[in-house]
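The values are calculated or read from the model by the stated rules, or taken from the named source; none is laboratory data. None of the values given here were measured: they were computed from a predicted structure. Ideal geometry is used to build each Cβ from the backbone, glycine not excepted, and the neighbour counts take in all protein chains shown.
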Amino acid sequence: MFTKRTEKEATAGAGAAKPKSLPGSEHAQPGRPPVAASALATVVGSELSIKGNLESKGEVQIDGAIEGDVNAIRIVVGQEARIKGNLLADDIVVCGAVAGSIRGNKVTLLAASHVEGDIVHGTLAIERGAYFEGKSRRAEDPRAVAVQAGSGSGTA
């Protein structure tokens with residue numbers, strides 16, 4: 001019925017609630033890298049469709065459909081995501097479908113990914129089973145490289 005607290009706990013905890021852990025931050029979800037507890041990602045849900053460009057100063061988790069360019073610090077394309085546009089970020093992880101160019105310092109194509117377009121990267125990792133049709137090019141600063149019109153016609 002009653003709990004006994006020390007005097008230190010009683011004075012420090014008066015009116016202050018303990019911070020709760022973020023849902024899903026303890027365990028990584030399949031097809032999705034873990035989200036850091038200190039920074040929440042902006043999520044485009046699986047039932048959401050966006051026509052237009054998306055820009056963020058943080059992380060963007062995409063599970064829905066986007067027809068437009070995405071620019072962020074980190075982009076995670078979920079397994080059910082469908083993107084028609086260019087991706088630009090420091091860190092890009094793709095598990096869904098992207099039709100457009102990808103420019104990032106660190107680019108990872110997971111096994112379920114389907115990418116049709118050129119990739120300009122600092123480092124590139126492609127898991128077995130990933131589909132990639134386009135050209136890959138290493139650059140010191142991939143974000144500064146201009147995207148060429150009509151790219152994505154070659155094979156890697």
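Only residues that are crowded, with 18+ Cβ neighbours inside 10 Å and more than 23 Å from Glu67 (Cβ to Cβ): list them for segment 109-141, please. Lay out the reasoning, then the answer.
Taking segment 109-141 first, the residues crowded, with 18+ Cβ neighbours inside 10 Å are 109-110, 112-113, 115, 117-121, 124, 126, 132, 134.
Of everything in segment 109-141, those that are crowded, with 18+ Cβ neighbours inside 10 Å and more than 23 Å from Glu67 (Cβ to Cβ) turn out to be His121, Leu124, Ile126.
Just give me the residues in segment 94-110 being outside any loop (DSSP other than H, G, I, E, B) and either in contact (Cβ under 8 Å) with a residue 60 or more places away in the chain or among the small types (Gly, Ala, Ser) (or both), in sequence order. Steps first, answer last, please.
The first filter runs over segment 94-110 and keeps only residues outside any loop (DSSP other than H, G, I, E, B), leaving 94, 97-99, 102-109.
Passing the criteria: Ala97, Ala99, Gly104.
Do we have any residue at all in segment 111-122 that's among the hydrophobic types (A, V, I, L, M, F, W, C), in contact (Cβ under 8 Å) with a residue 60 or more places away in the chain and not in a strand (DSSP E or B)? First the steps, then the outcome.
Narrowing segment 111-122 to residues among the hydrophobic types (A, V, I, L, M, F, W, C): 111-112, 115, 119-120.
Now drop any that are not in contact (Cβ under 8 Å) with a residue 60 or more places away in the chain, which leaves 112.
So of that shortlist, the ones also not in a strand (DSSP E or B) come out as 112.
Yes; the residues of segment 111-122 include at least one that is among the hydrophobic types (A, V, I, L, M, F, W, C), in contact (Cβ under 8 Å) with a residue 60 or more places away in the chain and not in a strand (DSSP E or B).
Evaluate segment 136-152: report whether one residue or more is at pLDDT 95 or above, within 20 Å of Asp90 (Cβ to Cβ) and not charged (D, E, K, R).
There is at least one residue in segment 136-152 that is at pLDDT 95 or above, within 20 Å of Asp90 (Cβ to Cβ) and not charged (D, E, K, R).
Check segment 65-79 and report whether any residue there is assigned to a loop (DSSP other than H, G, I, E, B), within 17 Å of the chain's Cα centre (by Cα) and modelled with pLDDT under 95.
There is no residue in segment 65-79 that is assigned to a loop (DSSP other than H, G, I, E, B), within 17 Å of the chain's Cα centre (by Cα) and modelled with pLDDT under 95.
What's the total number of residues in segment 49-59 that are assigned to a strand (DSSP E or B) and without any contact (Cβ under 8 Å) to a residue 24 or more places away in the chain? Steps first, answer last, please.
We begin by selecting, within segment 49-59, every residue assigned to a strand (DSSP E or B); these are 49-51, 54-55, 59.
Still in the list and also without any contact (Cβ under 8 Å) to a residue 24 or more places away in the chain: 49-51, 54-55.
So the answer is 5.
Within segment 80-90, which residues are outside any loop (DSSP other than H, G, I, E, B) and farther than 21 Å from Gly129 by Cβ?
Taking segment 80-90 as the starting set, the residues that turn out to be outside any loop (DSSP other than H, G, I, E, B) are 82-84, 87-90.
Residues satisfying the conditions are Lys84, Leu88, Ala89, Asp90.
Consider only pairs whose beta carbons are under 7 Å apart and that are at least six residues apart or on different chains; among these, list those whose first residue lies in segment 75-93 and is without any contact (Cβ under 8 Å) to a residue 40 or more places away in the chain and surrounded by fewer than 20 Cβ atoms within 10 Å (Cβ to Cβ) and whose second residue is of a type in the set (S, T, N, Q) and part of a strand (DSSP E or B).
Asp91/Asn105
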